[in-house]
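Have a look at the structure below before the remarks.
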Amino acid sequence: MITSSMTESQNQPEVDAQSGTAADASIGSLGAPTRRAERPSKTRRKQASHDLQALGVALVELSEERLKKLEMPERLLDALIAYQGTRSHEGRRRQMQFIGKLMRGVDVEPLREVAATEQIGHTRESLALHQAERWRAELIADDDALTRFAAQHQDADVQQLRSVIRNARKDAALAPEKRSGRYFRELFQIIRAQSASNRGTP
């Protein structure tokens with residue numbers, strides 16, 4: 001009986017003398033309870049997945065030649081190029097999910113920078129096109145517009161512009177089936193070239 005009692009006593013957990021509670025086995029050597037690393041919430045994981053897919057959408061807009069110049073795993077490059085060759089909506093949806101999954105293990109910050117730069121370039125180009133179209137419409141409709149354009153584009157060849165504008169107006173006065181559209185296009189090209197020169201772009 002005495003031997004049995006001593007064995008049971010040895011098997012029981014140690015009891016804190018002050019609190020009377022058993023010592024927690026998870027308490028570390030410094031007396032601080034160990035904690036598991038906090039996992040991202042489901043909402044945050046879902047948002048991160050959406051962000052990666054959005055980046056994927058931006059990347060597949062780049063040309064294959066441009067993509068090949070970027071630093072990325074070959075498997076991701078192949079997936080992006082495969083997406084560009086996919087035509088069905090469902091096929092593209094699944095491929096984009098796959099691209100997002102591949103990017104989870106990739107340092108995507110350099111790719112984000114490239115995508116952001118490309119987006120800025122597209123925005124600038126779109127704005128330049130709209131401005132050129134606006135100037136063309138104003139130059140054809142209003143004589144005073146040439147004075148305003150020349151004031152903002154001091155290197156412009158006013159004589160050339162005046163000649164092209166005159167011919168574009170003559171073309172516009174013709175019946176639709178007789179219009180060539182040549183001078184409309186030429187005027188647009190002159191405006192674009194002049195605007196690019198003002199911005200210092202080649």
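Our estimate of slack between GLU113 and ALA175, defined as 0.36 nm per intervening residue step minus the Cα-Cα distance, is 17.3 nm. For the stretch 99-202, the residue among ILE190, PHE149, ALA168 whose Cα projects farthest onto the positive side of the dipole built from Cβ charges is ALA168. Solvent-accessible surface of the stretch 75-202, averaged per residue with a 1.4 angstrom probe and all protein chains in place: 66 square angstrom. The alpha carbons of the stretch 40-130 occupy a box of 43, 29, 27 Å along the principal axes, longest dimension given first.
The aspartates and glutamates whose alpha-carbon is closer than 17 Å to the alpha-carbon of LYS46, local same-chain residues fewer than 8 away aside, are GLU38. Within straight-line reach of LYS170, meaning a Cα separation under 20 Å, sit the following lysines at least 8 residues removed in sequence or on another chain: LYS178.
Extending 7 Å from Cα along the Cβ direction at GLN84 and again at THR147 yields two label points whose distance is 5.0 nm.
The distance from the alpha carbon centre of the stretch 131-202 to that of the stretch 65-79 is 42 Å, rounded to a whole number. Compared with the direct C-alpha span, the chain from ARG66 to SER49 gains 3.7 nm at full extension, assuming 0.36 nm per residue. Given a Förster radius of 25 Å and the C-beta distance between LEU127 and GLN160 as r, what FRET efficiency does 1/(1 + (r/R0)^6) yield to the nearest 0.05? Here the calculated transfer efficiency is 0.50.
The values are calculated or read from the model by the stated rules, or taken from the named source; none is laboratory data. All figures in this text were calculated on a predicted structure; none of them were measured in a lab. Virtual Cβ from ideal backbone geometry, glycine too; neighbours counted across all protein chains shown. Protein only, heavy atoms only, side chains kept; ligands, DNA and RNA dropped before computing areas. Shrake-Rupley method; radii C 1.70, N 1.55, O 1.52, S 1.80 Å.
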